[in-house]
Amino acid sequence: MPGPAAYPHLAAIDSPADVRALPEAELPAVAEELRKYLIDTVSQMGGHFAAGLGTVELTLALHYVYDTPNDRLVWDVGHQAYPHKVLTGRRDRLHTIKGNGGLAPFLSRAESEYDTFGVGHSSTSISAALGMAIADELQHAPGADPKAPRRHHVAVIGDGAISAGLAFEALNHAGSLETDLLVILNDNDMSISENVGALSNYFARVLSGRLYASLKEGSKKILRRIPAAWELARRSEEHMKGMVLPGTLFEEMGFNYIGPIDGHDVGGLVKTLRNVRNLHGPQFLHVVTRKGKGYAPAEADPIKWHGPGPFDPDKAVIFKEKSSGPSYSQVFGEWLCDMAESDPRIVGITPAMREGSGLVEFSRRFPDRYFDVAIAEQHAVTLAAGLACEGMRPVVAIYSTFLQRAYDQLIHDVALQKLPVTFALDRAGVVGGDGATHQGAFDLTFMRCVPNLTIMAPADENECRQMLYTAVCLGAPAAVRYPRGVGPGVAPRAEMEALPIGKAELRREGRSGLAIFAFGTMVQAVSATAERLDATLVNMRFVKPIDAALIMRMADRHEYLVTVEENVIAGGAGDAVLEVLTAHGYARPVLQLGLPDRFIEHGTRADNLTAAGLDPASLAAAIDRWWQPRQQRA
Ligand SMILES: Cc1ncc(C[n+]2csc(CCOP(=O)(O)OP(=O)(O)O)c2C)c(N)n1
C-alpha cells in the first residue's frame, strides 16, 4: 500500500469524527485522495469498483453532515460502500476485502458500528432505515428514557436497487407516515448492466426535463383543434407540469422531493444535506452521480468495471484469470442460444444479471425473447409463469441466492400450477468473494419440499447442458443448479439428449461395502476417494425425484453409505436419501457430508469449500475417519 505521503488527508482520517473536524474547503481534496486510494487499492486485489467511485463525494458529505454512527446511515447492497469503509476506520484493511479473513464484501454489523444494517442483497435500505426511525420515535415517546439519543435516519439506494418491489413496499409505507426519514436516490442510470424499466426511463426524463417540453408542444398541436379540450388542458397545465416535472411520483407517494442535484459537488451536497437534515417527515433527495467517476475507463464502460479482478490502473488492463475451460454460466448461455435457435418458444429472463448469468450473447442474438426485468426476482418468476401459461418455454436464469427472494412465486405461481418454467440456478453452492449473503447454500433444501418440481445437479459441463435440455423437454417446472466458475472440464456435446427422469448414474461399483451418493460438484470431489477405498460411487443427478430404486439396490449391497452435496445438510439432498431408506425400512449407518449449519464467510471458492470441509482432501479425511473403524466390520 502506498504510504501516508501519497494520502496526507486520508492518513489523518481514522473515523468520521476526523472528517467532521476538517474545514469544508478541504473536502474536495479529501475526495480526490479517496478516489485515488480506491483505484490504487482495488487495482491490486479486485472488487466492486465503479459504484464506489461514484459515491465518493456523497459518502464524504454524509459523514460530514450527519453524526455517524449515532445518526443511522443505511446503504443499499453495500457494493458502493468502499469509500464508507475507508472513512470509518477500515482504510488500512481495504486491500483485504473479500479475501479469507478480510473485510466483508458488503456491509456487516459485526464488522463496524458504522454498518448499521447487514447487506449484500439489494433493496432493503428503505425498510431497514424506516424500522430504525420508527424505533427511535417509539423510544422517545412520552415516558421513555430522556437520555436516549435522538438520531437522523438516512437510506441510500441506487436507481437499480430501487426498482425492486421491496423498495416500493417501503416507500409506500414510509410515505404514509410522518416519521422523519431521508431516502437518497443515487441515480447513475446504471444497474450492473444498463438500468432498465419504466422507472429508470422516468428518472432519465426527470433529468432531461425534455418530456415536459415535448408533451406540451405535442398536446398543443392536437388540442388546439378542439377548443374546449384546449381550455381544459390550459387550465390543468399546472397539474400537467406536476405529472412530468421532477419528483412528482415521489411527491404523490407522500415524500418531499428534493433535486435532482449534482452528486459530485461535495460543497453542494453538504449544503443540501444540512438543509434536509432539519426537515420533518419523509424526504426524498435525488442525487445524480456517474458510475466509475474519476477513472476514465470505468466511466466509459461501467459494466466492465463494476467488479473487476486485479488490474493495471495505468493501462486499464484487467488481468485475466487463468481458466481451464468455459464456466458453467457460459455453458448455460451457449445452451440457451442453441435451444432458442431451434425452439421459438424459448424465452430468457434475468433479474438484472445479464453478464453474471452468461446471457450477453443471447441478449444480442434474440433481443425479442430476452427480458432483463431489473432487480425484480419475484416478477421474473411470475412473468415466466405467465409466459408458460400461453405455451412459451421460459428459462429463468437466476442465482441460487436471489431465488430466495422469489420463493412464493416458485411455489404458488409455478409449481402449484405445474407450469413449464426452467430455472437455471447459477452460483449454487459456495461462491467465494461475495461471501455469506451470496452463498447458494439453501436451494436444494427450499426447493426439495416443493411438489411438482424436478431438481437436477450436474456433475460436469456436458451434464449441465443435457440437464437444461431435459428440463425444457419435461414440460413441467424444473431446476438445474450449477456452481460458480468452471467444472471438471467435460466438453459439452453439441447434440442434446434428454436424460431419463429420476435416474442416477452408477459411476463405479466397489467391493468394500461402502457406497457414496454424490450430488453435482461433489461427484468429482469424491471420485479419487471412492477409487482409493474401492467404494461404489453414484452420481445421483436428480435430487428430485430421487432414484429410490437405485438407493435401495445400493443399500441391499452395501452396509455403509455416504451422501455428499454442496448444499446445507439440513433438508438437503442427503436427507432425500435418508427419507428413502427410512420409508423402506433400511437401517444403515449413513455419513452425511455437506455445508454446515452456519453461514460461510468470504474468501475464494476454494477457501469456502475448505471452510466447509468439502474440498477433496477434507472429504477424503472425513470419509476415512468415519469409514476406517467400520471397515473391519463390513
Ligand atoms: C436481490 C439482489 N439481486 C441482484 C443483486 C446483484 N446486484 C448487485 S449490485 C446490482 C446493481 C445495483 O444497481 P444500483 O443500485 O443502481 O447501484 P450502482 O451499481 O449503479 O451504483 C445488482 C443487480 C443483488 N445484490 N441483490
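Structure above, values below:
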| quantity | calculated |
| --- | --- |
| P(r) histogram, all alpha-carbon pairs of the chain included - 10 Å bins from 0, percent | 3, 15, 23, 23, 18, 11, 5, 1, 0, 0 |
| Sequence of HIS153, HIS140 from largest to smallest accessible area, 1.4 Å probe | HIS140, HIS153 |
| Part-to-part distance (alpha-carbon centres) for segment 498-516 and segment 414-485, which is given in Å | 21 |
| Cleavage-rule hits, trypsin sites (Lys or Arg not before Pro), segment 305-362, DSSP coil, Cβ neighbours within 10 Å at most 12 | LYS315, LYS320, LYS322 |
| The chain: angle of helix 548-557 to the longest principal axis, Cα-based, in degrees nearest 10 | 40 |
| Whole-number percent relative contact order across the chain, with pairs defined as alpha carbons under 8 Å at least 6 apart | 11 |
| Inter-label distance for GLU113 and ALA204, nm, one decimal - labels placed 7 Å from Cα along Cα-to-Cβ | 4.5 |
| Modelled FRET efficiency - R0 30 Å, LEU416 with ASP343, Cβ distances, 0.05 increments | 0.75 |
| Whole-number D in µm² s⁻¹ for segment 260-320, Kirkwood Cα-pair radius fed into Stokes-Einstein, 20 °C, 1.002 mPa s | 153 |
| Distance (nanometres) between label positions extended 7 Å along Cα→Cβ at ALA621 and ASP92 | 3.3 |
| Heavy atoms of TRP626: accessible area, 1.4 Å probe, square angstrom to 10 | 30 |
| All-pairs alpha carbon distance profile, segment 562-634, 10 Å steps from 0, percent | 18, 43, 30, 8, 0 |
| Helix-derived mean residue ellipticity, 222 nm - over the chain, DSSP H n ≥ 4, -39500 (n - 2.57), to 500 | -11500 deg cm²/dmol |
| Whole-number percent relative contact order across segment 328-481, with pairs defined as alpha carbons under 8 Å at least 6 apart | 23 |
| Kirkwood Rh, angstrom, segment 328-481 [1 / mean 1/r, Cα pairs] | 14.9 |
| Filter on LYS293/LYS322; LYS36/LYS291; LYS36/LYS293; LYS98/LYS304; LYS36/LYS271 - keep pairs with C-alpha separation over 23 Å | LYS293/LYS322; LYS36/LYS271 |
| Nearest 10 degrees, 0 to 90: helix 210-223 Cα axis against the chain principal axis | 70 |
| Solvent-accessible surface ranking, highest first, for GLU559, GLU299 at 1.4 angstrom | GLU559, GLU299 |
| Rg(Cα) / (2.2 N^0.38 Å) computed for segment 505-633, rounded to two decimals | 0.99 |
| Distance in nm between pseudo-label sites at LEU474 and GLN44 (7 Å out along the Cβ direction from Cα) | 4.8 |
| Angle in degrees between helix 27-45 and the longest Cα principal axis of the chain, rounded to the nearest 10 | 10 |
| Average silhouette area of segment 10-300, convex hull of alpha-carbon atoms, in square nanometres | 17.6 |
| Residue-level accessible surface for LEU474, protein heavy atoms, 1.4 Å, Å² | 60 |
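The values are calculated or read from the model by the stated rules, or taken from the named source; none is laboratory data. Here the structure is a predicted model, which is why all the values come from computation and not from measurement. With ideal geometry, Cβ positions are generated from the backbone for all residues, glycine too; neighbour counts draw on all protein chains shown. Each accessible area value is taken on the protein alone, full model and side chains, heavy atoms only, with ligands, DNA and RNA left out. Shrake-Rupley method; radii C 1.70, N 1.55, O 1.52, S 1.80 Å.
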